[in-house]
Amino acid sequence: MKISKPRGTRDFLPEDTKKRRYVESILRQVVKNWGFNEIITPTFENLELFTLKSGEGIVGELYNFKDKGDREMTLRPELTAPVMRMYVNEMQAYQQPLKLFYFENCFRYERPQKGRFREFWQFGVELIGSKRADADAEAIALASEMLKSVGIKGDLHVNNLGVIRHLLSVLETEHQSKIMRLVDKKDDTGLNDFLEDINAPADLRMKLLELICLTGEGAVTKARELVGNIPEIETFQELLTLLDTYGVEYTINFGIARGLDYYTGTVFEIYAEGLGAQNQVCGGGSYQLIQLFGGGDVPSTGFGLGFDRIMEVCELEAPDDKPVVIIAKDSTRLDAVKVATKLRLHMPVYNDLMKRNFKAQLSHANNIGARHVVIIGEQEVEAEKVTLKDMSSGEQELLTIDEVIEKLTCK
RNA sequence: GCCGGGGUAGGGUAGCGGUUAUCCUGUAGCCCUGUGGAGGCUACGAUUCGAGUUCGAUUCUCGAUCCCGGCCCCA
């Protein structure tokens with residue numbers, strides 16, 4: 001009787017894990033160099049944390065459960081809300097801006113497909129305390145740099161929601177939200193119908209439809225013509241100038257909306273090729289969530305990277321471990337253990353655990369890709385040395401253990 | 001929740017009503033107990049699960065399940 005793994009989860013074999021850890025280590029190095037500090041939050045949280053942020057509707061997509069104390073819990077579906085909760089609970093007195101990052105698994109009860117799993121990993125950054133374009137620009141530049149560091153060419157689209165919000169400000173709040181959702185979905189007919197339903201002014205309707213199609217060069221100028229010289233445009237222009245200075249390539253896209261009300265201004269998405277329908281590898285922007293969780297009026301900006309999607313398109317190869325295999329005879333196995341113990345302070349070492357004969361041990365060493373083997377037989381024990389054999393050249397020489405360490409570690 | 005396409009040893013496959021279920025690879029061992037990569041031999045190991053049709057099902061039908069792709073959703 002075999003037990004299969006739960007739907008939408010994955011086993012990572014040694015080769016997979018090695019590559020994942022390697023890519024992870026590169027991303028970690030980049031965020032650290034940008035001055036961000038890692039945090040860890042619980043794997044499960046009170047259900048309310050997420051319904052508060054995203055509405056009751058998301059419960060259907062959650063891995064939620066009641067614990068033995070009858071509390072409504074859920075495995076975390078994302079990490080922005082937990083980080084905000086953590087900030088409100090424990091970090092409000094910290095120096096701002098807070099520069100935080102996390103790399104954790106998340107859980108969503110969804111139908112698996114390419115680039116979508118029920119357990120997946122998010123690498124995210126939250127920058128708390130600054131509402132300036134400088135913070136948004138740093139977040140975007142960092143996201144861009146992270147992808148670049150692992151060899152992924154992403155297509156970055158940026159927008160400032162303040163512009164479209166300004167245009168819609170004459171409408172009721174609920175209508176505004178609804179329109180933002182329709183724009184996010186790129187549901188043009190739905191949008192038209194809705195504008196018809198609420199009897200939106202013809203002038204606004206025309207401007208809106210024109211605005212959300214604005215993209216690429218000259219889009220800012222055209223937007224300015226549509227909505228006038230409002231502060232939101234100036235902020236957006238400031239962000240773009242900063243991005244230019246960072247050397248980040250981007251596409252202006254007034255059609256990116258993000259369906260949720262807590263996004264305040266800057267929003268961005270990054271897409272990568274080769275991922276099928278789920279081609280977004282990064283999404284983020286500036287948002288206002290802290291008040292919702294009982295904190296002050298603190299602006300934040302952040303983004304999440306879909307680590308699994310990155311792995312899907314990342315072509316980096318993890319460096320080789322260069323294992324050393326010790327080959328011994330039955331009569332010298334204890335000597336082999338002693339030598340292994342010394343060598344293990346410096347390098348990965350394999351010892352025979354199968355009581356293989358001499359030839360089979362050598363063959364096994366070859367099969368697992370050993371660069372070198374260390375032979376310990378009666379002759380070597382007698383001479384208080386070992387034989388080091390280079391597996392690719394076949395050359396071998398009699399050396400002391402210290403000489404072996406010296407020789408293998410300096411390469 | 002919806003729509004397609006799939007599921008045969010650990011991995012890759014052939015068979016498409018009756019076979020000892022094919023071959024490649026893998027793993028372990030032997031040929032060969034102080035020198036690997038080749039070769040030969042041996043062993044291990046599979047029809048996703050459950051119903052139905054049939055004398056007989058890996059093969060046909062239905063259901064479940066999982067995988068792959070897409071829709072919805074995407075915090």
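The values are calculated or read from the model by the stated rules, or taken from the named source; none is laboratory data. Values in this document were obtained by computation on a predicted structure and should not be read as measured data. Neighbour counts are summed over all protein chains in view; Cβ atoms, including those assigned to glycine, are modelled from backbone coordinates with ideal geometry. We work out accessible area using only protein heavy atoms, side chains counted, and drop any ligands, DNA or RNA first. Shrake-Rupley method; radii C 1.70, N 1.55, O 1.52, S 1.80 Å.
The helices (runs of 4 or more DSSP H) located wholly in segment A:181-227 that include 1 or more residues which are over 23 Å from A:GLY283 (Cβ atoms) and within 16 Å of RNA strand B (Cβ to nearest atom) occupy A:188-197. Taking first residues from segment A:383-406 that are among the polar types (S, T, N, Q) and partners that are more than 7 Å from RNA strand B (Cβ to nearest atom) and not in a strand (DSSP E or B), the Cβ contacts under 8 Å between residues at least 6 apart in sequence or on separate chains come to A:SER392/A:ARG371; A:THR400/A:GLU384; A:THR400/A:LYS385. Against the condition more than 9 Å from RNA strand B (Cβ to nearest atom), open to solvent by 100 Å² or more (accessible area, probe 1.4 Å) and more than 19 Å from A:ASP320 (Cβ to Cβ), how does A:GLU395 come out, does it pass? Considered against the rule, which asks whether it is more than 9 Å from RNA strand B (Cβ to nearest atom), open to solvent by 100 Å² or more (accessible area, probe 1.4 Å) and more than 19 Å from A:ASP320 (Cβ to Cβ), A:GLU395 comes out as no.
Conditions (1) farther than 12 Å from A:ALA370 by Cα; (2) among the charged types (D, E, K, R); (3) within 12 Å of RNA strand B (Cβ to nearest atom), marked per residue:
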| site | (1), (2), (3) |
| --- | --- |
| A:VAL324 | no, no, no |
| A:ILE327 | no, no, yes |
| A:ARG344 | yes, yes, no |
| A:LYS355 | yes, yes, yes |
| A:LYS359 | yes, yes, yes |
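Annotation note: of A:GLU78, A:GLU104, A:GLU61, the sole residue that is among the acidic types (Asp, Glu), surrounded by 12 or more Cβ atoms within 10 Å (Cβ to Cβ) and away from RNA strand B (no atom under 11 Å from the Cβ) is A:GLU104. Among the residues here, A:GLU249 does not qualify as among the acidic types (Asp, Glu), touching a strand residue (DSSP E or B) at 6+ places or on another chain (Cβ under 9 Å) and at pLDDT below 95. None of A:GLU90, A:GLU38, A:GLU48 is surrounded by fewer than 16 Cβ atoms within 10 Å (Cβ to Cβ), over 21 Å from A:GLY302 (Cβ atoms) and either modelled with pLDDT of 95 or more or more than 11 Å from RNA strand B (Cβ to nearest atom) (or both) except A:GLU48.
Checking segment A:28-46 against the condition returns a match, with at least one residue being in the same structural domain as A:TYR287 (by TED's automatic domain parsing) and within 22 Å of A:PRO112 (Cα to Cα). A:GLY255 satisfies every condition listed in (1) out of contact with any helix residue (DSSP H, G or I) (no Cβ under 6 Å at 6 or more places or on another chain); (2) open to solvent by 20 Å² or more (accessible area, probe 1.4 Å); (3) farther than 30 Å from A:ASP16 by Cα; (4) at pLDDT below 95 except (2).
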